[in-house]
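Asker: Before anything else, here's the structure in question.
The values are calculated or read from the model by the stated rules, or taken from the named source; none is laboratory data. Keep in mind it's a predicted model, so treat the numbers as computed, not measured. Glycine gets a Cβ as well: all are built from the backbone with ideal geometry, and neighbour counts include every protein chain shown.
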Amino acid sequence: MMILRRIKDNLFLFTIILAYGLISIINPSMGLASVKNSGYYIKEMLMIMPVIFVLTALLDLWVPKEKIMQFLGRDAKAKGLLLAFVIGSVSAGPIYAAFPMCTMLHKKGASIRNIVVILSSWAVIKIPMLLNEAKFLGLRFMIVRWLLTVAAIIIFSWLADKIIKDEDLPQGEAQKLGVSINKEACIGCRICVEIYPELFEMKAKKAFVKDYDDREIDSERLKKTMMDCPVKAIEHTE
Ligand code: SF4
């Protein structure tokens, strides 16, 4: 039972291990090459990710949430789009380095659309990549591809924003264990924000829990907010 739960919780990892096992049985040399290849990427990730985590933590600490919401939030519109293109285009490093940073930006109020633009420009229109592209394939090729790619990113980020909801993204373990909001149930009445603005905020007509320190929770006020929420969408798991 315990083993089955472990497998269920780490389904992706177990699928990969199973795939390696099968490849190694069918074609041992291909299996060995696959393991070596993965080992190379894991080593690269272990070298890069600690730096990325430190940078992300510093950004999280230094850049206030209000600024992220103002410049990359839903209301930032064209300004947010432009900034997202700039962030993605000037960034360095492999694309997986962008994921923790984008998680932090989303947690602080960046819109899904701007997150998609950052990730897409990071992946396909980074400036060093463009310079190399122009060198090997010519300036005309690079400019036409860049223009078409930017147009595609604008369209697909808009579509992604319509399909993916903020609550579809993980909200972080701390929130899951502490105060959380059932987004399906929330009707956006703002009562929680009015009673406890230090803990709750509105984003796109849904209430969200702000970053908080468990020790600073005013349990009386939280209890009142939970009671007053008309659809009982606020949960507190201790
Ligand atoms: S009080 Fe409840 S329904 Fe109203 S915004 Fe807050 S969580 Fe949503």
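Asker: Of all helices (runs of 4 or more DSSP H) completely enclosed by the range 1-102, which ones contain at least 3 residues that are among the β-branched types (V, I, T) and closer than 23 Å to V117 by Cα?
Answerer: Fully inside the range 1-102 and qualifying: 28-62, 77-90.
Asker: Checking the condition of a type outside the set (D, E, K, R), on the phi < 0 side of the Ramachandran plot and over 18 Å from the mean Cα position of the chain (by Cα), which residue from M69, M30, M49 passes?
Answerer: M30
Asker: What are the residues in the range 1-55 that are among the small types (G, A, S) and surrounded by 12 or more Cβ atoms within 10 Å (Cβ to Cβ), if any?
Answerer: Once the filter is applied, which keeps residues that are among the small types (G, A, S) and surrounded by 12 or more Cβ atoms within 10 Å (Cβ to Cβ), the range 1-55 yields A19, S24, G31, A33, S34, S38.
Asker: Kindly provide the set of residues from the range 206-215 that are of a type in the set (D, E, K, R) and either surrounded by 13 or more Cβ atoms within 10 Å (Cβ to Cβ) or without any contact (Cβ under 8 Å) to a residue 12 or more places away in the chain (or both), ordered by number.
Answerer: The answer is K206, K210, D213, R215.
Asker: Modelled with pLDDT under 85, not assigned by TED's automatic domain parsing to the domain that holds S111 and not aromatic (F, W, Y): is that true of D228 in this structure?
Answerer: Against the criterion (modelled with pLDDT under 85, not assigned by TED's automatic domain parsing to the domain that holds S111 and not aromatic (F, W, Y)), D228 does not qualify.
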